[in-house]
Amino acid sequence: MALRPVKLTRVLIISTNDYKGEVIEKVHDFGMMHIENVDPEIVESLGPGKFPEDYKKINDLLLTYRSLEKALIPINNGKRYRFRNFDDLQENINKLTVNERVFKIKEELESIKTRRRYLENETESLNVLKRFGIDAFNLISQTVSFFIFRIDENNSENIINEFSKKSNISFKYSKGNMYEFIVVFPRSEELEIVEIINRYKGVVLSLNELDGKTEELLKKHLEEMKSLSERESNLKKELEEISREYYNLVAAIAEELEILSRKREIMQKFAESGNVFALSGWIPERDIGRLEEIISSATKSKYIMINEGTVEDPPTLLENPKTFRFFEFFIKFYSLPHSLELDPTMIFAVVFPIFFGLMIGDVGYSLIILAFSIWLYRRVTKPPRKSMMPKSMRNFGRSMMSNWSWSMLARAMVVGSLWGIVFGILFNEYFGLSLPYYSAIIDPIRQASKLLLLTAWIGVIYVNYGLILGAINHYVYSKVYANTEEGRKHRREMVGRIGWVILSWGFTFFGLWLLKWSLFYSFTFEISGIIFIVTGSAVILYGEGGYAVMEMASIISHILSFTRIMGVLLAGVILAYVLDDIVIKALHYHVLLHMILAFIILIIGHATNILIAIFEPGIQGARLHYVEFFSKFFRGNGKPFQPFTSVRKYTEKPEK
């Protein structure tokens with residue numbers, strides 16, 4: 001089960017400059033052409049592509065209106081705009097009169113923010129002076145200076161001792177969560193005092209306004225901060241009113257300017273002379289007919305379009321069924337598939353959730369993870385205006401992944417937790433308890449040896465599947481690069497992958513014989529295992545050379561690595577069982593204190609186990625794919641297919 005990326009072909013289009021603008025419009029609207037630089041030989045014949053005269057003007061306007069869009073509050077009223085052409089866009093720009101006012105509001109808001117920060121710092125220092133009973137004007141002096149600072153309790157005694165040794169300074173301090181100090185000293189001692197404060201990690205508070213009594217200055221600062229808050233509130237209301245009326249128009253203008261800029265920027269990849277131009281790019285093979293119709297319409301059939309023969313690898317365009325498409329995120333997170341190899345998205349989409357659910361193996365845990373995953377998906381796709389989650393936690397989450405990435409992870413966990421419910425029913429596991437109405441098909445604790453063997457067999461089958469896919473990939477490469485050294489190399493590596501398959505089965509047969517597994521415990525299977533090992537080793541040596549000998553033992557570790565599925569499952573099941581057993585025994589002895597402690601342990605223990613069940617199956621399931629499975633066939637390092645087109649959110653395509 002694997003799909004290949006969409007097959008692409010590179011085409012060269014040549015036409016007269018009279019139709020260049022129309023061709024660019026049509027190709028942009030077509031939206032399925034990845035434009036590349038034209039072949040250097042053609043560029044040398046025709047000349048390089050040039051930016052049109054209005055390119056700089058459009059870019060300058062784009063910079064202005066992107067800044068204006070950013071300055072406004074994003075209030076989308078759903079209205080979309082259609083601009084017939086650049087002149088029509090320019091007319092709308094000229095009608096817009098709020099630019100200057102918006103930038104002035106933002107400038108004033110920044111000024112208020114800066115002034116408030118200054119006043120808050122001053123107020124903090126003045127409050128320290130107030131607690132010490134010192135008036136600010138007493139600190140005005142030509143000969144002495146002062147510092148107000150805070151320091152943690154661990155360093156307070158050391159700095160007090162340092163200051164006490166100096167006869168020419170005066171200081172006061174007060175105790176609290178942080179020690180607060182004011183130290184007065186001759187100006188000639190300033191550098192030494194700074195060095196002492198820094199040595200003990202003191203935090204200096206600023207105080208610049210000293211002309212007055214402390215109480216009066218505090219009152220003055222508080223009044224000014226109140227006035228600033230009122231002014232800020234009025235400005236924000238005004239900005240909101242402007243945004244409500246003009247945000248969509250400004251965003252539409254910025255969007256249209258960006259589209260126009262891209263249409264002009266792409267011309268630098270062309271080749272052109274005074275009369276003709278040439279453009280080149282990749283398109284899906286199935287769309288060649290559609291592109292010819294479009295170019296013929298744009299140029300009134302005055303064009304040449306040919307398939308370019310090129311040694312370059314095409315970009316990668318993935319096209320998976322819509323239901324599984326979001327799993328492409330996990331493949332791209334590892335590496336984008338090369339355009340000529342198999343795309344493992346479908347495999348990952350089916351197998352990863354099964355591994356995830358198998359490692360949870362509990363209905364209760366899976367239901368909680370399912371609820372959490374649905375909440376997480378809704379939380380990141382439609383975030384509330386006000387969040388009860390601490391800002392530090394939100395910032396930490398965003399620093400790890402974007403909201404879109406979190407949504408992909410949540411969707412995968414939804415599917416995985418559904419499988420967890422299925423396996424939980426099969427194992428008869430409900431928060432570590434078993435329902436009396438039916439017996440488990442497999443008991444994870446009592447039949448652990450069967451689970452161990454089952455996961456090992458999963459490893460055998462999955463690793464071999466990867467090796468077979470690797471052989472298929474090398475076969476395709478050998479055909480693409482036929483009659484070249486590269487093609488011969490891939491043909492040998494294809495043979496090498498077949499050798500790995502034979503070797504892995506040899507180790508499997510021989511290992512099962514050593515374990516005296518009844519189905520394989522016979523002289524025939526012992527000999528078969530040895531023959532497979534010898535044959536596989538010989539085929540690998542032929543296909544991949546002597547260095548592959550050092551890697552032969554790795555096939556065993558990769559197969560056995562899949563037993564971690566059973567390990568993660570068993571750890572969770574046993575911990576849940578122990579937690580439940582503590583409560584059952586506490587209830588049996590009817591000691592109130594023991595029952596209370598047991599319930600506390602139960603809640604904390606199950607919460608911890610659920611937290612582990614969220615992360616561990618996902619990490620281990622991904623690892624089994626990225627390391628043990630992908631290493632057998634996946635090349636990656638594909639170049640993304642980036643079609644020349646634009647997504648319109650605030651604008652509509654002009655009518656022709």
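Confirm whether F146 is within 20 Å of E180 (Cβ to Cβ) and either within 45 Å of the chain's Cα centre (by Cα) or aromatic (F, W, Y) (or both). Show your work before the answer.
Working: within 20 Å of E180 (Cβ to Cβ): yes; either within 45 Å of the chain's Cα centre (by Cα) or aromatic (F, W, Y) (or both): yes.
Criteria met by F146.
Report yes if some residue within the range 83-95 is open to solvent by 50 Å² or more (accessible area, probe 1.4 Å), within 30 Å of E256 (Cβ to Cβ), touching a Pro at 6+ places or on another chain (Cβ under 9 Å) and among the basic types (K, R); otherwise report no.
Checked against the condition, which is being open to solvent by 50 Å² or more (accessible area, probe 1.4 Å), within 30 Å of E256 (Cβ to Cβ), touching a Pro at 6+ places or on another chain (Cβ under 9 Å) and among the basic types (K, R), the range 83-95 yields at least one hit.
Take the residues in the range 406-452 that are part of a helix (DSSP H, G or I) and among the aromatic types (F, W, Y); name whichever of them is most open to solvent (accessible area, probe 1.4 Å). Step through it out loud before you land on a result.
Taking the range 406-452 and keeping what is part of a helix (DSSP H, G or I), we get 406-427, 448-452.
Then keep just the ones that are among the aromatic types (F, W, Y); that gives 406, 419, 423, 427.
Values: W406: 50, W419: 93, F423: 33, F427: 11 Å².
Among those that are part of a helix (DSSP H, G or I) and among the aromatic types (F, W, Y), it is W419.
Is there any pair with a first residue in the range 153-178 that is closer than 10 Å to Y200 by Cβ and in contact (Cβ under 8 Å) with a residue 40 or more places away in the chain and a second that is part of a loop (DSSP other than H, G, I, E, B) and open to solvent by 70 Å² or more (accessible area, probe 1.4 Å) whose Cβ atoms are under 7 Å apart and which are 6 or more apart or on different chains, and what are they?
Pairs found: N155/K201.
Tell me, which helices (runs of 4 or more DSSP H) lie completely within the range 547-638 with 1 or more residues that are under 15 Å from Y365 (Cβ atoms), open to solvent by 30 Å² or more (accessible area, probe 1.4 Å) and polar (S, T, N, Q)?
Here the list reads 592-623.
Which residues, taken from the range 2-16, are over 30 Å from P344 (Cβ atoms) and open to solvent by less than 40 Å² (accessible area, probe 1.4 Å)?
L12, I13, S15
For every residue, the table says whether it meets (1) touching a residue at least 24 places away in the same chain (Cβ under 8 Å); (2) under 32 Å from the mean Cα position of the chain (by Cα).
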site	(1), (2)
R10	yes, yes
S15	yes, no
D18	no, no
E25	yes, no
M33	yes, yes
I42	yes, no
G47	yes, no
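Pick from R244, R286, R264: which is touching a Pro at 6+ places or on another chain (Cβ under 8 Å), of a type outside the set (F, W, Y) and open to solvent by 30 Å² or more (accessible area, probe 1.4 Å)? Spell out how you get there, then give the answer.
Values: R244 fails: touching a Pro at 6+ places or on another chain (Cβ under 8 Å); R286 fails: touching a Pro at 6+ places or on another chain (Cβ under 8 Å).
Just a single option satisfies the conditions, and that option is R264.
Can you find a residue that is in contact (Cβ under 8 Å) with a residue 60 or more places away in the chain and in contact with a helix residue (DSSP H, G or I) (Cβ under 7 Å, 6 or more places away or on another chain) anywhere in the range 184-206?
Yes, the range 184-206 has at least one match.
Name the residues in the range 161-204 that are open to solvent by less than 30 Å² (accessible area, probe 1.4 Å) and either aliphatic (A, V, I, L, M) or more than 47 Å from the chain's Cα centre (by Cα) (or both), would you?
Hits for the range 161-204 are F163, I169, I182, V183, F185, I193, I196, I197.
With K56, K79 as the choices, which residue is open to solvent by 20 Å² or more (accessible area, probe 1.4 Å), free of Cβ contacts under 8 Å to residues at least 60 places away in the same chain and farther than 30 Å from F171 by Cα?
K56
Being farther than 14 Å from I24 by Cα and loosely packed, with under 14 Cβ neighbours inside 10 Å is the filter here; which residues of the range 267-283 pass it?
The answer is S273, G274, N275.
The values are calculated or read from the model by the stated rules, or taken from the named source; none is laboratory data. Note that this is a predicted model, so its numbers are computed, not measured. With ideal geometry, Cβ positions are generated from the backbone for all residues, glycine too; neighbour counts draw on all protein chains shown. Heavy atoms of the whole protein, side chains included, go into the accessibility calculation; ligands, DNA and RNA do not. Shrake-Rupley method; radii C 1.70, N 1.55, O 1.52, S 1.80 Å.
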